[in-house]
Structure formats: structure tokens, C-alpha cells
Amino acid sequence: MRNNTTLKGKFYLLYKQIECRKGFLKGVFIAAFILSLLFSLLHPSIVKGGVALKKHKVARKETLYSISTKYHVSVSEILKANNLNLSSKIDTGLLLIIPSTQPSNVDRGNTIIYHTVAKKETLFKIATKYGTTPNNIIQLNKLTGNNLEVGVTLIVGYKNNQITQPLNEAVVLPQKDNTGDGNSVSNTATEVADKIVGLGEPDKGKNRQVEEKDPNGGRTHEVKTRAPQDDPRNKKGEYRNLGDYFKYSSLPLLILRIGAILFILAIVIIAVVILTMRTNKTIDDNKKQQFDKFFQDLVAQIIFTDKENETDEFEEEFTHEQAKLIEEFEREFLTIPFFRQVAIDRLIEVYKSLSGLAAKRVENLYYEFDLVNDTLRKIKSARWEEKVRGIREVEQMHLRQAYKQVYGLINHPNEMLRYEAQLAVLSLRRARHLSFLEKLDTPLSAWQHMNLVAKLKKIPNYDVRNLNKLLDSPNPSVNVFAIRMIQDFNMVKNVPEVQRMLDHPNEDVKVAAIKTLSYLHNDKSILKLLSAYPGESERVQSEILKYIGVTGSGEHGGMLRQLIGSSNTNISHAAQEALALMSYQPLDELNLLLDSKTTESTKALPESGNI
Amino acid sequence: MDLILEFIIQLIINSILVYSIAICVAYAILAIISAISISDYLRRNKYIDYSSILSSSLAPSISIVAPAYNEGMTIIQNVRSLLNLQYAIYEVIIINDGSKDDTLEKLMEEYDLVPVEILPEYDLPTKQVYGVYQSRNAAFGKLKVIDKQNGGKADALNVGLNYATHKIVLCADVDCIIDDLALLKVVKPFMEDRKRLIASGAVVSIANSCKVEKGRLMEVHVPENFLARVQVLEYLRAFLMGRMAWSKLDGLLLVSGAFGLFDKEIARNAGGYDTETVGEDMELVVRMRKYMIENGLEYSVIYVPDPLCWTEAPSSYKVLGNQRSRWTRGTIETLLKHRKIFFNPQFGFLGMVSYPFWFFFEWLAPWVEIFGLLFFIVLALLGFAYWSFFFSLLAIVFSYATTLTLLSILFEEISFNQYKGKRDIVKLALTALVESFVYHPLTVYWSIRGNYQFFSGMKQWGEMIRTGFAEQNTKSQETEIHTVPDVNLHPLNG
């Protein structure tokens, strides 16, 4: 029967897991959406638009021809791209759009072959090298004579088809020195754009840099272009592969794109993490459900069944059935760390709500399953949260054998850890529950104070005999704690000790003492306070005034009234409050006083110290 | 001439670039600090047992101050849920801010209120108080109702500060749903040994589409309404990424008006709420900080990342737009009023980091964004746009913003996991993907409009005060949460 449920549980688990995957499907859709975004980023059309367009600023002594050879574009193409004709003036400083490197008269399937003229090379040499004729080269490059300049790049032919068709235009425009400055503004703006484009170019090694002096402005400008022989793109302006794309596209652009891709990947990863966490949570919940089913059976069997040898509390043995059940439980769950922790949590939960024999049985189970070692291991862990967890378990299961270890942690520099240790020590002690505070040299927060009190009050027959000792502690926060405890437990006979604390140098201690004294009334307190008043700080003085208000001894009303006029607003407020607190004082009188205060304020009343 | 123009254009482009990188880096740093801060909080509070504080006489007492204006429809329900909070010692002070409807009558009838003679403890200047009421029924002993002349939210809160008798004052919107355990959780920082805690707040969440019964939240869902859903993202980002980080750095400038705790004494000494600004919650925190620093007192302001307060977010464009414009106005007013702090080393972190951050990245961000966009359009029209660069930049900016948003969803998932349904989380994530395109431009528009309202209102300030009360007040009844606005990023020009 039980086996069956476990099996069923397993199927259920599997089913749940598959169901959880549905969430993943949605995740996949989102991922697909994002990936498509990612690929659209990489798409060549964006790449082409960005890098293919070049601009050239005409320098002095440059001709259309020299420009055309520089970029390996025909003159007619340049003219077409710039809406010019052959008679147009090409002024220095004019910005020309250079069409992409692909000449229109070349079939799409062809590639231009270039040759850069080396020293002592002749037309003939070059022609034979590329299997063509000198005339052909002259025609292709629109050369005027046989003289070659070293370093000039020539078109020597096309791949695939041998050239049959000579180019028509063989025009060289004479260079003209002109100082047309008409559209300088737009020129400059364009220049900026140019620079931005220039920004986009990678390292200098791959660029040809042309620096020329402009005689008119006398300033240097740069035009950076990609040298054609380095251009890794095919005729369509696309990069051959992704590697080239990353290698040759401009650096800032590259950074941006890689950044965007990284962020998109981050989005995908975060989405997956979120969904996985969700799924894991569901799986854990299911596992816990499965565990709980078995666990409830177990608890019912072992804890809530009456047994014959009930009287024999400490020697209690498990019956045969129970032993079998325990064994099965251990085999099924306790080999997995996850379930061990769940077992600890559940046992503690059960333990908390039980007492007497049943609680003892739960404790036995805790030992039987060897969960104690888990707990002790946690206390030794290097991570403080683990330690805290271990201490909690020690405290809740009353594992007294860990007392020494926990005690060693009450002054630990980690606040959470030492507070937890203090609480555990408090509840593990058998008598004089608060004595560990004598050894405390770290401060106690109000929060911890409250927790200690709450814990103490839960202990049956708690023992606070040593409170007076705590008053002598060099740790002011322990003094404050002790004083408040005296108030909390109405320990009237300790009042003299509290009065003694008014001489303590620490302000917090004094304030706590005054508060406690106002609660535990004693005739001598007021005299002590009044004698102390002049030398005290503002905060303590306010507290004393409050004391007078609360205890409401009428003979001091005059003093309070006098103090309302104090130039110190805090003291004045405290006096007003105190006066209002005195039950005998009619409200009208207070109002009267408040009214008169405004008129009297010019008369400086004696400072608080003079009473 | 050319040189100058070229220089100017370069300068603009570069400064926008630097600004954008700075804002991105700032938000990344905030995200990292938030992550540390939240994980720290979770580890510290994993095993906290709040039951001991419930019965303890040592727990600090709290006064809840909730102004109500024309809340007749829901006031009974709201007050009941405030009275049912789990805490040992607290009082609820409802301030009827001159409601024109039957808010007061309903309260009087339901809770059997009678006028009592109670004098204020303090004397912050406020509009006239007509009377204080308490219940004859001892079961409602915690409740005090104060009737006063209409004066706006800040004025009502000041009345609350005057009458509050407990050490800590919780200023809350009367119509928001406060978690049963809220006071227990939020009071803990006040009890921990630190510097004096002068203000504290908790995460405010959006209750649209959630199942609410008798003023209690039963089921949490992601809002069906798109606008409300986007605001969920905004709030997550603002609270889990922004405020947590600022809290850790101790540079928090804002505790939301919907749920903010203050040290009564300091709030009073600093002068209470400023009735002349629409951003009174931020203004108070800044002023309290200023007060502490000027008086050489040690203090801190912290945030609790627990979602303890739930509020209905505006789901119409008009209301939301008004709210956002008002927040912008409040921010500007506060920043200008305390401009002394700006880069003033006397104010330490507040002056050197917090304030400048708000100034540059909260106030100016929409301006830079709009300016950048216009600048780019001009360049594009002149034909100088470098589209490839532009699109890449756009992609990185949007993907970065979305990453941050998803990260805040992840933080939520790890920390408090409010949205239990898988559908809910997927919906949120999908909303995050479109937010930058659809919603973000609107926020920029609203905040620019807020700027416009502020600067045009300056001229006729006096008049605005006289006629503006009724309107101002209805507005102030809406949810008052400032969020760190969206990661204000904008398309750069290349």
C-alpha cells in the first residue's frame, strides 16, 4: 500500500515536472523573439549601410581622375553620384560622394584585379605578368602616356571575363585653383559627419591616411578611407563571414553591437533563471508534499500510539513495525540532503507543539535519524547563516550537548550570530538563566533585549536571581537590560540598586534608571533626582522632568512652571508635558501658562541649572 | 566659424555620450548594491520570529496618521483594517481634511465617536482643527479622529504629527492595504542598535487585479491592465533596485508617502511637512536629513524590502499622467528648495552623491533625452545620420534597460516572490520587453509636462495656492509613491 503511494507520488512528480516544462515553452518563445532581434542586428543590410558610403574632400591639385584612381571608381560614376557633369568645377574643399567600389560596367560576377606599381616596373612588365597588353592597361586606367608613377594602383584586368570593352571616358579634368567658399557651413557639418564616420574606422594600419594642406583655410583635415586591397567584403558589400565582420567593422560600432548582444543574452539568461527557479520551487514543493504524506504517517505511528511500555520512558524502544517504518523512511528520504533538512524542520515544528512523552519521542526520532550530526555540522560551518541555523536547531530541540559550542559564540563579531547564540544559551541553561550576560562584552540592541525577555518568560520557573550582578557589569547595555528587567518584574526591593545607577557615567543607563524609578515608586528617588538635576545633560533633565510629571508630586509643580519659560525648547517642552501629566493640574492653568509664556519670553528666566 | 560650429556639435555629442554612460554605470552600480543589500536583508531576517515583539511591552509604540479626504465610500473598511493590524501598542489617527462628503459622519456612526478634549502635543502651524473624536466603545480605543479645515495632505499630516502621542509616526494613505504584520516588520530596524533611525519605509506594491477581502489581501496577481502592469515593473525597479541600494548607502532621499515611518521628535523639530510643495514626502526626508546634519547628530534612513503596503495604481493615462507630472513638480520643488545641499561637502554623501544623482539623473534625464532626440532628428534631416551606429546604440540602450528590468523581476523572485502564478511572471517579463518602446516615451512626456507646469506655475504662484487647494487635495489622495523613474536612456546620435 505504502509502496503504491510512493510510486504514484513518483509518477505525479514526473507529471508535474513535465507540466512545469510548459513554462519553458513560453520561455523558448521569448528566447526566439530575442534571438531574432539579435540576428537582425547582425544582418548585413545594416552593415552595408554603415560602411559602404565614403566621402572625399577635394584637396589642392586633385583631379577627378586622381580621385577616381584612388578609390578605383570610374570618373563617370563619381560624376553621377554627385550630380555633376564634365564641365562642372571641382573646387578645392568640395566634398564628393564616392560610390561603392564596384564599377557599374563590370558584370556582377567579376572582380577587379589591382596592381600597385613597384620601382622600376614598366607597363610591359605588368601586362605580361597579368596576361594582358600594355594598351589594355592604358585604356582601363585612362593613362595618358607610358610613364608610371611608383605606388600608383592600376586596374590590370578582371577575373573570369577578359576585358573586351574599353572604357569610354578618358577625360582628365584640368585642376583649377578656386576659392569658392559659398557653402562652408554645410561643408563643415558634412565634415563632422565624415569624422563620425571616421570614428567608425578601425586601427590605422588598415587605413590609408591622407593629410593635405588646404591653402585657403590653412588647416589640416583628414580623410580616412579604407584601402581597397584590405576590404574584406565581397561585391555586394557584405562580409564573407562573421569573423571578418567582427574583424573589420569599426571599433565603437563593434563595442556597441557586442554590448547589445551581451545584454540580450543577459535578458535570455535572466528569463531562464527566473523560470528555472520557478520550476525548482514547484518541484521542491511537490517533493515536500510527498515527504509530508509519509512523515505524517510516521509521526502518527510513532508519537501518537500508546504502547505497553509507556512507563519506561527512557529505555523506550521502537516496536517492530515502527522500526520497519523508520527504516523505510530513512531509505526513502534521509539519504538526500534536501529531505534531511525538511525532516529537521518538520520535526522541530512538531516538537514545538508537543510536551512530555510525545516530545521525548520526537527527540528520540531526531537522534534515531542522526539529524543531530547535521545540526552540529552546521554550527561548525564557516558560513554564518548556516551557523545561525544550527544554533536555532540546537535551541529548539534542546540539544544540550552543543551548549559549550554555542556559549563560545555569544560575543561573536557577527551580530545575528551572537544574538542567536545568546538566545540559545538562555533557553539551554537550567538555572540562573541570565548569568551569561555577565560575560557579555558586546552591546545589546533593543530588539535583542526584547527577544531575550520573551524567551526568558517562556521558560517555566525562570530564575533571575543574579540581576544585581548585572548592574555591576562594565557593559552599559547589560546595565540597561538589568534595570529594565527590574521594572519588568516589579522587583521593588531592588530600587536602591537602581537609584545607585543614577551615578553611572553612561547617559543611557541613567535614563533607563529614571524610567524604572518612575515606575517603581520610592520616596527617596525624587530627592536623589533633584540633587542630580543641575549637573545633568539635557536628555537626562528632560527625563527627570517627565519623572516628576508621571509621579505627580504636587510640590514640584512650581519648578515645572518655571522651567516652561526656559530658553531651551526641549526642556520647555518636557516641562510642559510633565505639567500636563500631573493629574491634579487643571488644563486651563496649563493653557494660561502657555499664553503667559509668550508674553514673558522676553524676560529671561533662570536657566535650568539654577533651581 | 566652421571650427566653432564643429566644436560645438562635437561637444554636444560627446557630452550626451558621457552623460549616458554615466547614467548606465550609475544604475548598474545601484543594481549591484541592491543585490547585496537584499541578500543581506534576507539572510538576516530568514529566521526572525516576530511573535516575541507582539506581546512585548518593550516594542516602541506607533501612531498611524492617515489623512482622509472624500473617502466616504471606503473609509469604514479602511479604518477597520488599520485597527486590526498586529501590534502591541499603537494608535490610529484619522484626519478628516475638510471632506465634502460624509466621511466624518460615517466614522462617527460606525465607531460611536464622541468629541473629546485632547490638546495637541506640539504646535506645528496648521489650518484650524475643529475637534477630536474618540470612540465610546473601548474596543476602538486606538482610534482618534480629528476634524479639520481643508488644507491639503501635508497640512493634514502636520495635524497628525501634532496630535501623535507615540514615539514613531507612520504616515500612510488611508486607502492603501497594509499588511497585517507590517508594523512588526517595519519596527525592527528602529530597535536595532544603530545610529538614530529617523525615517523608514517599505516596498509599496500594486494591488490592481489582486483579490481583496475586507481590507485584506487574499491573492496576489499581476494586473490585467497594461498600464498598471508596467507600473508593477516600475515599482519593482524603483524599490528593489533603487531604494534598497540607496538605503544601503545611507543616501535615501525619499520615503514614499503611502507608507513612511518617522521619528516623531525629529520630524517635529525639522518643522513637519511643507504645505507648499506637492512632493511633501520627499521634502520632509530631505529636510530631516538636513536638520540632523546641521545639528551634528548621527542618524540613518533605511528601507525594508518587504512588500508591506498595497495600493491601487492609476490605470488610466490621464490620472497616471497627472500623477507623474505632479511627482516631477514635487521633485523640482524639493531640489530647488534645498539647493544649498548641492555639491556641498558639509552634507557628506547626501550633498555629494544623493542630491546630485537626483538632480542629474532624475530631473534632467528627460530633458537630456528629449534634447538628444531632437538633436538627432536635426542631424538626420540634414543627412548626417549614421544609421548603423544609431540602431546599434538604440539596441544597446533598450537591451540594457530591459536587462535591468528583468533583473529586478529576478530580485523579486528571489526575495519575496509575491507573484506565485507562472502566468504572472511570464506576463511581467513580456511586459518588460515592450515597456521601453511603448511606455517609456509617455513617462518622458509626463515629466516634461511636469517641468512645464512647474515653471509656468512659478509666475502665478500666489494664485495657484488660493485656487489650487481643492484640486491639489483630490490629487493628493491618489497614491503618493515616487519611483526612481525609468532608466532614462535615449537614442544617441552618432
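The values are calculated or read from the model by the stated rules, or taken from the named source; none is laboratory data. Please read all numbers here as calculations on a predicted model, not as lab measurements. Glycine also receives a Cβ, built like all others from the backbone with ideal geometry; neighbour counts cover every protein chain displayed.
At a glance:
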read-out	value
Test: residue in segment A:492-505 that is part of a loop (DSSP other than H, G, I, E, B) and either surrounded by 17 or more Cβ atoms within 10 Å (Cβ to Cβ) or among the hydroxyl-bearing types (Ser, Thr, Tyr) (or both)	yes
A:Val464 part of a helix (DSSP H, G or I) and either under 45 Å from the mean Cα position of the chain (by Cα) or under 21 Å from A:Gln422 (Cβ atoms) (or both)	no
Subset of segment B:230-270 (residues that are more than 13 Å from the chain's Cα centre (by Cα) and outside any helix (DSSP H, G or I))	B:Asp250, B:Gly251, B:Phe262, B:Asp263
Selected residue [over 24 Å from the mean Cα position of the chain (by Cα), crowded, with 22+ Cβ neighbours inside 10 Å and at pLDDT 90 or above] from B:Tyr400, B:Tyr386	B:Tyr400
Cβ pairs under 7 Å, 6+ apart, first in segment B:243-254 and within 12 Å of B:Tyr41 (Cα to Cα), second assigned to a loop (DSSP other than H, G, I, E, B)	none
Subset of segment B:29-54 (residues that are touching a residue at least 24 places away in the same chain (Cβ under 8 Å) and at the interface with chain A (Cβ under 7 Å from one of its Cβ atoms))	B:Ile53
Where B:Ser200 falls short, out of the listed (1) closer than 30 Å to A:Pro476 by Cα; (2) assigned to a helix (DSSP H, G or I)	(2)
B:Ile377 assigned to a helix (DSSP H, G or I), free of Cβ contacts under 8 Å to residues at least 60 places away in the same chain and surrounded by fewer than 16 Cβ atoms within 10 Å (Cβ to Cβ)	yes
Residue match in segment B:408-415 (condition: more than 14 Å from every other protein chain (Cβ to nearest Cβ) and in contact (Cβ under 8 Å) with a residue 40 or more places away in the chain)	no
Selection count where residues are of a type in the set (Gly, Ala, Ser), touching a helix residue (DSSP H, G or I) at 6+ places or on another chain (Cβ under 8 Å) and either facing chain B (nearest Cβ under 9 Å) or over 27 Å from A:Leu354 (Cα atoms) (or both), scope segment A:378-396	1
Residue within segment B:329-351 that is part of a helix (DSSP H, G or I), among the small types (Gly, Ala, Ser) and within 14 Å of another protein chain (Cβ to nearest Cβ) present	no
Residue in segment A:352-375 that is among the basic types (Lys, Arg), in a helix (DSSP H, G or I), surrounded by fewer than 19 Cβ atoms within 10 Å (Cβ to Cβ) and within 14 Å of chain B (Cβ to nearest Cβ) present	yes
Residue under evaluation B:Glu192, criteria (1) within 14 Å of another protein chain (Cβ to nearest Cβ); (2) buried (at least 20 other Cβ atoms within 10 Å of the Cβ); (3) within 25 Å of the chain's Cα centre (by Cα), criterion not met	(2)
Filter result for A:Gly549 (part of a helix (DSSP H, G or I), loosely packed, with under 15 Cβ neighbours inside 10 Å and either more than 49 Å from the chain's Cα centre (by Cα) or at pLDDT 80 or above (or both))	no
Residues located in segment B:416-429, provided they are part of a helix (DSSP H, G or I) and either surrounded by fewer than 19 Cβ atoms within 10 Å (Cβ to Cβ) or among the charged types (D, E, K, R) (or both)	B:Lys422, B:Arg423, B:Asp424, B:Lys427
Test for B:Asp306: is it within 30 Å of B:Ile38 (Cβ to Cβ), touching a residue at least 40 places away in the same chain (Cβ under 8 Å) and in a strand (DSSP E or B)	yes
For B:Val18: the one exception among (1) free of Cβ contacts under 8 Å to residues at least 24 places away in the same chain; (2) within 13 Å of chain A (Cβ to nearest Cβ); (3) of a type outside the set (Gly, Ala, Ser); (4) out of contact with any Lys or Arg (no Cβ under 8 Å at 6 or more places or on another chain)	(2)
Total residues in segment A:429-480, condition aliphatic (A, V, I, L, M), farther than 22 Å from B:Pro189 by Cα and within 14 Å of chain B (Cβ to nearest Cβ)	3
Any hit, segment A:105-124, residues being in a helix (DSSP H, G or I) and either over 18 Å from A:Lys142 (Cβ atoms) or at pLDDT 75 or above (or both)	yes
Test for A:Tyr239: is it at pLDDT below 90, more than 8 Å from every other protein chain (Cβ to nearest Cβ) and crowded, with 20+ Cβ neighbours inside 10 Å	yes
Wholly within segment B:114-185, strands (runs of 3 or more DSSP E) carrying at least 2 residues that are touching a Pro at 6+ places or on another chain (Cβ under 7 Å)	B:129-135
Which listed residue is more than 14 Å from every other protein chain (Cβ to nearest Cβ), among the polar types (S, T, N, Q), in contact with a helix residue (DSSP H, G or I) (Cβ under 8 Å, 6 or more places away or on another chain) and within 30 Å of B:Gln134 (Cβ to Cβ), from B:Gln77, B:Gln86	B:Gln86
Some residue of segment A:570-585 being loosely packed, with under 13 Cβ neighbours inside 10 Å and at pLDDT below 60	yes
Qualifying positions in segment A:385-420 - among the hydrophobic types (A, V, I, L, M, F, W, C), without any contact (Cβ under 8 Å) to a residue 40 or more places away in the chain and part of a helix (DSSP H, G or I)	A:Val388, A:Ile391, A:Val394, A:Ala402, A:Val406, A:Met416, A:Leu417
The lone exception for B:Gln149 - which of (1) modelled with pLDDT under 90; (2) surrounded by fewer than 21 Cβ atoms within 10 Å (Cβ to Cβ) it fails	(1)
Residue identified as more than 14 Å from chain A (Cβ to nearest Cβ) and loosely packed, with under 15 Cβ neighbours inside 10 Å among B:Lys142, B:Lys100	B:Lys100
Conditions (1) over 30 Å from B:Leu181 (Cβ atoms); (2) surrounded by fewer than 16 Cβ atoms within 10 Å (Cβ to Cβ); (3) among the β-branched types (Val, Ile, Thr); number of the one not met by B:Ile48	(1)
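One line per residue, one yes/no per condition, for (1) among the β-branched types (Val, Ile, Thr); (2) crowded, with 19+ Cβ neighbours inside 10 Å; (3) in contact with a strand residue (DSSP E or B) (Cβ under 6 Å, 6 or more places away or on another chain); (4) at the interface with chain A (Cβ under 10 Å from one of its Cβ atoms):
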{"site": "B:Phe391", "(1), (2), (3), (4)": "no, yes, no, yes"}
{"site": "B:Leu394", "(1), (2), (3), (4)": "no, no, no, yes"}
{"site": "B:Thr431", "(1), (2), (3), (4)": "yes, yes, no, no"}
{"site": "B:Val438", "(1), (2), (3), (4)": "yes, no, no, no"}
{"site": "B:Val444", "(1), (2), (3), (4)": "yes, yes, no, no"}
